[in-house]
Amino acid sequence: MGRLFENAVYLQLLYKGWRVHVGKLYSKEVDFVAVKDGRTVYLQVTDQMLSEGAWKRELGPLRSIHDSYEKCVIVRQGRYEQDAEGIGIIQARDFFLGDMF
């Protein structure tokens, strides 16, 4: 399910006019780097972050990037705070129905 969700996010970004790249920093991978109208956003996409391991796996690569671009995690299942130390947590429903992207 995770790969299907990741593909759906990718296609939605393209549909909304974003240029989308896969990001890599050392041995860590960021799912997408999206660029549109001078805005750059690092994105992680995950099915859920209910376990401590999932939380670290998804936020770790974003925390290791030390620039001022926006960083977000898009999550399909579960409810989370909207901010984790400056990293936005976006519910899938809000991503697909909202105007954030």
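The values are calculated or read from the model by the stated rules, or taken from the named source; none is laboratory data. Keep in mind that this is a model prediction, so the values were computed, not measured. Here the Cβ is made from the backbone with ideal geometry for all residues, glycine too, and neighbour counts use every protein chain on show.
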Residues located in segment 36-53, provided they are surrounded by 15 or more Cβ atoms within 10 Å (Cβ to Cβ) and over 17 Å from Gly88 (Cβ atoms):
Asp47
For segment 1-17, enumerate the residues that are assigned to a helix (DSSP H, G or I) and aliphatic (A, V, I, L, M).
Leu4, Ala8, Val9, Leu11, Leu13, Leu14
Are any of the residues in segment 89-101 modelled with pLDDT under 90 and in contact with an Asp or Glu (Cβ under 8 Å, 6 or more places away or on another chain)?
yes
Leu25 meets each of (1) exposed (fewer than 12 other Cβ atoms within 10 Å of the Cβ); (2) at pLDDT below 95; (3) farther than 18 Å from Gln82 by Cα; (4) not polar (S, T, N, Q) with one exception, condition (1)
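Just to be sure, is Val30 out of contact with any helix residue (DSSP H, G or I) (no Cβ under 7 Å at 6 or more places or on another chain), part of a strand (DSSP E or B) and not small (Gly, Ala, Ser)?
Details: out of contact with any helix residue (DSSP H, G or I) (no Cβ under 7 Å at 6 or more places or on another chain): no; part of a strand (DSSP E or B): yes; not small (Gly, Ala, Ser): yes.
No, not satisfied.
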Log entry, pairs with first residue in segment 2-20 being closer than 19 Å to Gly38 by Cα and among the basic types (Lys, Arg), second being at pLDDT below 95 and buried (at least 17 other Cβ atoms within 10 Å of the Cβ), beta carbons closer than 6 Å, six or more apart or on different chains, reads Lys16/Phe101
Is at least one residue of segment 63-85 on the phi > 0 side of the Ramachandran plot, surrounded by fewer than 16 Cβ atoms within 10 Å (Cβ to Cβ) and touching a strand residue (DSSP E or B) at 6+ places or on another chain (Cβ under 9 Å)?
yes
Failed item, numbered, when Gly17 is tested on (1) of a type outside the set (S, T, N, Q); (2) closer than 17 Å to Gln91 by Cβ; (3) exposed (fewer than 11 other Cβ atoms within 10 Å of the Cβ):
(2)
